[in-house]
1. From the P(r) of region 650-752, could you give the percentage of C-alpha pairs in the tail past 17 Å?
2. Could you name the aspartates and glutamates in cross-link range of residue 332, using Cα to Cα under 14 Å and dropping any fewer than eight places away on the same chain?
3. Normalised by the residues of region 63-115, what does the relative contact order come to in percent, with Cα pairs under 8 Å and at least six apart?
4. Rolling a 1.4 Å sphere over the protein heavy atoms, what is the accessible area per residue of region 342-407, to the nearest Å²?
5. What's the center-to-center distance, using Cα atoms, between region 423-487 and region 227-287 in Å?
6. If we count every other residue with Cβ under 10 angstrom of residue 403's Cβ, Lys/Arg +1 and Asp/Glu -1, where does the sum land?
7. Toward the positive end of the charge dipole of the chain, about the Cα centre and with charges on Cβ (Lys, Arg +1; Asp, Glu -1), which of 255, 151, 36 goes farthest?
8. Before I look further, what does region 609-671 give for accessible area per residue, probe 1.4 Å, in whole square angstrom?
Amino acid sequence: MTKKRLKKIFLLSGSAIIAILIILILFISPIAKYMLERYDKDLIGRELKMDWAYANPLTGYVYLKNPVVYEEQGDSTFLSVNSVHATINMMKLFTRTVEINNFTFDQPKGRVVQNKSIFNIDDIIRKFTPDSTETKSTGWGASVSSLKIINGEFHYIDKIIPINYFIKNVTLETVGELNAGDTISAKFSFLAGIRTGKMKGVFTINTKSNDYRFAVNVHDLDLEIIRQYIWELINYGMFTAHMDADIKARGNFNSKDSINATGRLTIRDFHLGKTVTDDYAAFKKLRLVVDQLSPYKHKYLIDTILINNPYLKYEQYDSLDNIQTLFGKAGKNISDVTQQPGRFNLVIEIARYVKIITRNFFQSDYKIRRLEIKEGNLHYNDFSLSNKFSIGVHPLSIMADSINRNDQRVHVFFKSGIEPYGLGSLQLSINPKDSGDFDMRYKFEKIPATVFNPYLLTYTSFPLDRGILELNGSWLVRNGSIKSDNHLILIDPRISGRLRNKDMKWIPMPLIMSFVRERGNVIDYKIPITGNLKNPKFHLRDVLTDAVENIFVKPATTPYRFDVKNLENEIEKSLHVTWEMHQYKLLDKQETFLKTVSEFLKSSPQATLSVYPMVYSEKEKEYILFYETKKKYYLKQHHTDQKSFSEKDSMAVENMSVKDHALVRSLSKGLSDTVMFTLQEKCYNYVGHETVNKKLNKLKEERKNTFLSFFIKDGTDKQIKIHNSVNEIPFNGFSYFKLNYQHDIPVSLKNAYQKMTELNDKVPRRKYKKYRRKEDKLSRL
């Protein structure tokens with residue numbers, strides 16, 4: 001009886017236990033969901049919602065479906081996950097330890113929001129940061145053996161700058177106990193959420209010593225995040241770039257210069273400028289290959305620094321330049337950010353970090369096996385003058401092999417073309433231990449002097465209509481002390497007639513040229529420079545001595561005349577008729593020359609002449625643009641119209657300054673300073689491109705008719721073939737008609753051409769006044 005009774009008790013007890021376990025298994029999941037949602041703020045400090053939960057008390061497996069964590073105010077989603085699952089070691093609970101294994105977040109989507117110095121995760125950090133004043137222990141411990149994130153998406157939003165960036169397809173997997181161990185190791189990968197790019201790598205962090213180690217690979221990453229930070233620093237503009245990288249490094253978070261890195265970094269298709277098509281700085285590729293970069297060990301061992309197709313444009317406006325208009329006067333936009341304590345800008349932080357790790361570069365053990373710049377393009381435009389000045393360096397190449405601090409000398413080679421014309425070269429030999437110890441030889445040649453006419457007009461009122469500039473020299477610098485010879489040569493400079501305008505100052509250039517010009521129409525001076533790099537001294541004795549000597553006698557410079565003739569043969573392979581700006585009537589010498597040409601054709605009925613109009617469109621348009629702008633403003637101010645526009649009015653318009661304050665205010669009315677910076681842009685906005693193009697076409701037609709009129713009189717116009725005009729930047733700075741004859745040019749034509757182009761300072765000024773009166777008629781067209 002007793003046995004049956006015990007058996008019954010055991011059966012009932014077992015059944016009850018099984019029933020309780022079944023009930024527990026059936027109801028623990030909804031209970032777990034209820035408890036998590038009921039005590040969510042006690043657990044994580046945020047409201048938590050989910051579709052359903054599953055918990056197995058036997059295995060410790062926990063699964064949450066579609067859990068959503070809301071922001072602290074509960075107004076929006078902070079983190080949503082497709083599913084969260086993990087396994088809890090049930091036996092460890094009896095030792096008051098929560099050990100979580102295989103903690104996995106499947107397709108999490110979260111966001112971090114910053115508003116000044118406040119983040120939307122600050123409350124969570126405070127919740128899980130131990131209180132240093134807490135002395136009592138709960139007796140419970142926790143550890144996570146592994147953490148996984150699968151196909152995540154995370155957004156970063158800064159409401160002030162603003163920044164809106166995210167990464168997607170995020171995977172992360174850790175190995176080792178995250179809480180109990182000293183070391184955290186993980187591998188990760190993700191794609192850029194905006195545009196292109198992916199990144200993957202591994203990292204290890206020692207939580208006690210703060211040592212770190214990482215290896216990262218980046219492929220075709222669009223630097224959109226950089227663009228958003230740059231927009232906080234600039235008033236306008238666009239930025240684009242892509243990055244590839246393969247870097248391995250180690251260091252310590254407590255010391256920024258403790259990094260010890262190796263690898264490669266490539267930035268491609270870099271563009272920073274006014275618009276996507278108007279760059280201020282750009283390059284096709286910047287490649288950096290590092291064997292070892294270790295600031296704290298004073299080692300900078302670089303295999304390659306290579307820049308392909310760098311482009312840099314610097315422009316000077318009436319008040320600021322293009323850099324200051326972009327970043328604010330004297331970099332005000334940058335200083336506004338850097339002077340705010342705690343203000344974070346990724347671009348500024350990168351610049352600060354680069355400064356830290358490179359500050360001791362020249363005092364360290366450095367080596368660059370290869371340094372090269374290929375196909376560089378540098379441009380300078382000055383819009384502050386009465387006419388735009390523009391010059392460029394292209395294609396620029398700079399090469400240096402084996403830059404080593406242990407070498408006695410480092411050799412750098414510079415070579416480039418000069419736009420619109422010219423060549424430049426420089427050779428530099430420098431002591432790598434002392435930047436004040438170097439040898440330098442340079443040479444710039446075949447530069448048209450007419451390039452500098454905007455400066456000559458502004459400061460003298462007299463432009464050049466021809467001339468070739470050369471500059472060469474050598475420098476020997478030791479301990480910062482300079483010993484140099486500099487040689488300036490201006491071959492065959494010719495002064496054109498004076499232009500009268502309120503924008504222009506007056507200096508008697510013809511008189512000055514008679515002093516400084518030597519026989520053969522050459523200016524040839526040596527200008528030694530001594531002193532030191534901080535305070536150089538220019539010795540102008542040779543210039544003054546030659547000027548005094550030229551008053552009484554012109555030194556013989558026959559060799560230069562050969563150079564002039566050789567250069568003329570290179571530049572002028574055919575006969576030319578030059579047109580000054582706005583000119584459509586010929587000067588007396590030009591008329592005489594064309595009459596001689598017509599007489600030759602009349603005496604040689606079988607001869608033909610091909611004429612190619614070469615138009616300096618950019619400069620011709622600028623002159624027309626300024627005139628039409630002043631004319632439109634003049635008519636408006638004087639309440640008159642085109643029909644009443646007289647020769648006197650035309651001269652008043654011609655002499656008016658295009659930088660007149662009232663005119664500039666009228667042109668700038670209603671325009672944003674971040675839209676149009678140059679006077680040329682404002683003038684085009686005022687009169688329109690169509691008006692300027694129409695006037696230019698009219699000018700070209702009048703020149704053609706004027707030219708043909710000399711041949712129509714003699715009936716030789718059938719022997720003339722005028723081709724379509726070609727736009728170019730002429731060597732001597734003026735539009736011209738190029739006359740090609742299929743055979744050797746007859747002596748009579750050569751003599752007539754030589755008389756037309758011969759040097760005579762007095763005649764051009766008289767003829768120029770006559771020409772200006774003729775020009776007024778065109779201005780009223």
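The values are calculated or read from the model by the stated rules, or taken from the named source; none is laboratory data. Remember, it's a predicted structure, so these values are computed and weren't measured experimentally. Cβ: placed from backbone, ideal geometry, glycine included. Neighbour counts: every protein chain shown. When the accessible area is computed, the model is the full protein with side chains, heavy atoms only, and any ligands, DNA or RNA have been set aside. Shrake-Rupley method; radii C 1.70, N 1.55, O 1.52, S 1.80 Å.
1. 72 percent
2. Cross-link targets: 232, 321.
3. Averaging sequence separation for qualifying contacts and normalising by length gives 34 percent for region 63-115.
4. Values: 3400 Å² over 66 residues.
Each residue of region 342-407 exposes 52 Å² on average to a 1.4 Å probe.
5. Centre-to-centre (Cα) distance: 34 Å.
6. +2
7. Checking the options against the dipole of the chain, the answer is 36.
8. Numbers: 3110 Å² over 63 residues.
About 49 Å² of surface per residue is accessible.
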